[in-house]
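Chemist: Mind looking over this structure? Questions follow.
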Amino acid sequence: MKSILIVTAVEKEREAVRRVFAESEAAVELCGFGPAESAARTMKAALTHKPDVIINAGIAGAFPGRAVIGDVIVGTHSIFADLGAESEAGFLSTDELGFGTSAFSSEAAAQFAELQAHYLPILTVSTAAGTESRVSELMVRYPEAGGEAMEGAGAAHAALICGIPFVEIRAVSNITGPRSLQKWDIEQALKQLSLVLQQWKERVE
Ligand SMILES: O=C(O)c1cccc(C(=O)CC[C@H]2O[C@@H](n3cnc4c(=O)[nH]cnc43)[C@H](O)[C@@H]2O)c1
């Protein structure tokens, strides 16, 4: 079996992964909250464990109509969605500014094909969407994206620099929208995350 590193933002997500992978089967490390900490901690963990593949697993907010609570999204791309510049003509991404890529495509996502999941780009934001206008803006700018989380593209960038295949897997805990109206079901999301990781494990064993 390949050597696997799985990074999660918080302890409860790590526990959901540990319910599937024993210590002998995968290294499971915290990458912390948000893209900066995630990039730094994923890099450190990659240098320590020298894995064959890095997975960022956790929960996410889905865009309305694109997934529902409990669905799992395998990231075809992990995209920095708010790293760039505003302009009169709208948001300018890293690519448009000439500072490198904002979208990390995942060849490793194919390993998760035919699992009970959506295969869609996942956005990485530094500020979680909490208004209708912000959600609309992101949905228009990224018509294919299933939802948003806060660590994937940071971890993906670290993996790319190390030359290690990467994939982001997120279970939907909430639907993005006005913050005071959002309902979260973290337990359901974590249960589904474990289930899909278990299905994947059985296939690669
Ligand atoms: O309080 C808990 O029990 C708990 C258990 C597991 C995870 C959490 C988190 O708060 C994790 C935050 C983490 O989740 C991602 N996330 C989830 N929904 C969204 C969203 O709508 N917009 C952006 N990010 C979201 C994100 O990656 C955070 O790091 C709590």
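The values are calculated or read from the model by the stated rules, or taken from the named source; none is laboratory data. As the structure is a computational prediction, the values presented were derived from the model and not from experiment. Cβ atoms come from the backbone with ideal geometry, glycine included; neighbour counts cover every protein chain shown.
Chemist: Answer yes or no: is there a residue in the stretch 146-158 that is farther than 21 Å from VAL28 by Cβ, surrounded by fewer than 21 Cβ atoms within 10 Å (Cβ to Cβ) and of a type outside the set (D, E, K, R).
Modeler: no
Chemist: Hey, can you tell me all the residues within the stretch 144-162 that are within 18 Å of THR8 (Cβ to Cβ), in contact with a Phe, Trp or Tyr (Cβ under 9 Å, 6 or more places away or on another chain) and within 12 Å of the ligand (Cβ to nearest atom)?
Modeler: GLY147, GLU148, MET150, GLU151, GLY152, ALA153, GLY154, ALA155
Chemist: Then there is this: Take the residues in the stretch 163-193 that are assigned to a helix (DSSP H, G or I) and in contact with a helix residue (DSSP H, G or I) (Cβ under 6 Å, 6 or more places away or on another chain), then tell me which one is farthest from the ligand (Cβ to nearest atom).
Modeler: Going through the qualifying residues, I end up with LEU193.
Chemist: I need the helices (runs of 4 or more DSSP H) fully contained in the stretch 5-99, keeping only those with at least 1 residues that are within 13 Å of the ligand (Cβ to nearest atom), of a type outside the set (Gly, Ala, Ser) and at pLDDT 95 or above.
Modeler: 11-18, 35-49
Chemist: Further question: For ALA57, are the conditions met, namely being on the phi < 0 side of the Ramachandran plot and touching a Ser or Thr at 6+ places or on another chain (Cβ under 8 Å)? Step through it out loud before you land on a result.
Modeler: Working: on the phi < 0 side of the Ramachandran plot: yes; touching a Ser or Thr at 6+ places or on another chain (Cβ under 8 Å): yes.
Judged against the criteria, ALA57 is a match.
Chemist: Hey, could you check the stretch 100-126 for residues that are in a strand (DSSP E or B) and touching a residue at least 60 places away in the same chain (Cβ under 8 Å) and say which is farthest from the chain's Cα centre (by Cα)?
Modeler: Per the stated criteria, the residue is PHE104.
Chemist: Among the residues of the stretch 44-60, which ones are farther than 14 Å from ALA9 by Cα and either loosely packed, with under 13 Cβ neighbours inside 10 Å or not aliphatic (A, V, I, L, M) (or both)?
Modeler: Scanning the stretch 44-60 gives LYS44, LEU47, THR48, HIS49, LYS50, PRO51, ASP52.
The rows are residues; the columns are (1) of a type in the set (A, V, I, L, M); (2) touching a residue at least 40 places away in the same chain (Cβ under 8 Å).
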{"site": "VAL167", "(1), (2)": "yes, yes"}
{"site": "VAL172", "(1), (2)": "yes, yes"}
{"site": "GLY177", "(1), (2)": "no, yes"}
{"site": "SER180", "(1), (2)": "no, no"}
{"site": "ILE186", "(1), (2)": "yes, yes"}
{"site": "ALA189", "(1), (2)": "yes, yes"}
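Chemist: Restricting attention to the stretch 109-143, and to residues there that are away from the ligand (no atom under 13 Å from the Cβ) and touching a Ser or Thr at 6+ places or on another chain (Cβ under 8 Å), which single residue is modelled with the lowest pLDDT?
Modeler: Across the stretch 109-143, the extreme among qualifying residues is ALA109.
Chemist: Another question, if that's okay. For residues that are of a type outside the set (A, V, I, L, M, F, W, C) and over 27 Å from ASP185 (Cβ atoms), tally how many sit in the stretch 1-40.
Modeler: Keep residues of the stretch 1-40 that are of a type outside the set (A, V, I, L, M, F, W, C), which gives 2-3, 8, 11-15, 18-19, 23-25, 29, 32, 34-35, 37-38.
Applying the additional criterion that residues be over 27 Å from ASP185 (Cβ atoms) yields 2-3, 23-25.
Selection size over the stretch 1-40: 5.
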